[in-house]
Amino acid sequence: RDWSSDVCSSDLQMGRLAIFALAPLIVVTFNWQGVFFAPAILVSFMAYLTYRYVYDSPEHVNLPSLDVQDATSGDTEQVTLKYVAGKVFTNPVTLAIAAAEFCTGVVRHGFEQWFPRYMQEAQHLPLTSPVFAKGALSVVFAGVVGSFAAGFISDKLFNNRRTPVAFLGYIVQIACLGVIWMATDVSLVIAAFILNSFAISIVHSMLSGTASMDFGGKRAAATAAGLFDGMQYVGGSFVGIGMGWLLTQFGWVAWGPSMIGFAAIGAVIMLSLWNARPGKSAH
């Protein structure tokens, strides 16, 4: 399950990489509206393939049932709104992971949305600098690598536990943001940006991807994934409201520390869930 989730997460990053690379070609060949039509056509094609070839369970393709020992393993109750809500919204583990993903959203969106302006105003790079194009591609590629690394680390080092891997991701984020905050060498700052994307992807693929299947279980995985991923975007909206005010009041010196604080909170939450596993004792 680690690898299937991380393939999905890495595919998301590869889609971002593809549009970065292909959008200029589409605009030159057609026009700027083509940048919207091309993904729509591709998504329509993928919707057909999903409808045609994706099935809900092994039994639907005449294979034996597979018990993956998740949080709903052995449950026989009817899957209702009350059942799903009880599984996801009354479990302290899932609520803690949702809080951590809020922190991930603050770091991810605070980092991705504001780093172009930071490089212009704090590092004095013009928009024509090749750093922006090359840096954007490198950041997305680092996210792809981070997704695969998360699954490998979970499998090989932590016996399929997710939270220790996410803890390591948060620690790397803190280190990278510390470099961005304190370093004066632009090359060091760029390297920290790329490594930070790697670390964010590690956390996000483990929590929104894999942990939702573990602690939501196959009967409530979609709701758990919606909660975890949704909280990441709530964190992003918090950035949209608050980061501009913070920078206006205190300048760029406050940018790194503001995100370090949230990464540290996420790390503490993951440390408190270090041995958390799905199942009847997941609470």
Among 259, 14, 206: highest mean-square fluctuation, GNM of the chain, C-alpha pairs under 10 Å: 14
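Using the alpha carbon gyration tensor of the stretch 120-173, what are the three equivalent-ellipsoid semi-axes (square root of 5 times each eigenvalue), largest first, in whole Å? Show your work: numbers first, answer last.
Working: eigenvalues 217, 32, 5 Å².
Computed over the stretch 120-173, the values are 33, 13, 5 Å.
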How much accessible surface area, in Å² rounded to 10, belongs to the heavy atoms of residue 112 with a 1.4 Å probe? 50 Å²
Probe 1.4 Å, all chains present, heavy atoms only: residue 124 accessible area in Å², nearest 10, is 140 Å²
Considering the Cα trace of the stretch 1-131, what is its radius of gyration and what is Dmax, both in angstroms? 21.6, 61
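What's the tally of Lys pairs in the chain whose alpha-carbon atoms lie under 26 angstrom apart, where the two lysines are 8 or more places apart or on different chains? Before the final figure, lay out the partial values.
On the way: 82/218; 82/280; 87/218; 87/280; 156/218; 156/280; 218/280.
Pairs that pass both the separation and distance tests number 7.
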Calculate, axis by axis, the spread of Cα positions in the stretch 88-235 along the three principal axes, and write the results as whole Å, longest axis first. 51, 32, 24
List the residues, sorted by chain then number, that are 5 or more residues from residue 72 or on another chain and whose placed amide H is less than 5 Å from its amide H. 217, 218, 219
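With the other protein chains left in place, how much accessible area per residue, in square angstrom, belongs to the chain at a 1.4 angstrom probe?
Heavy-atom SASA per residue in the chain reads 52 Å².
Please report the carbon-and-sulfur percent of the accessible area for the stretch 1-159; probe 1.4 Å, protein heavy atoms only, DNA, RNA and ligands left out. Show your work: numbers first, answer last.
Values: 6710 of 9700 Å².
The C+S portion of the solvent-accessible surface of the stretch 1-159 is 69 percent.
For the stretch 157-283, what D do you get in µm² per second when you plug the Kirkwood radius from alpha-carbon pairs into Stokes-Einstein at 37 °C and 0.692 mPa s?
Answer, rounded: 208 µm²/s.
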Taking each pair of different alpha-carbon atoms in the stretch 237-281 once, compute 1/r for the pair, average those values, and report the inverse of that mean as the Kirkwood hydrodynamic radius in Å to one decimal. 12.7 Å
Over the Cα atoms of the chain, Rg to Rh with Kirkwood Rh, two decimal places? 1.00
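The values are calculated or read from the model by the stated rules, or taken from the named source; none is laboratory data. Since we're looking at a predicted model, the values are computed, not measured. Areas reflect the complete protein model, heavy atoms only, side chains present, ligands, DNA and RNA absent. Shrake-Rupley method; radii C 1.70, N 1.55, O 1.52, S 1.80 Å.
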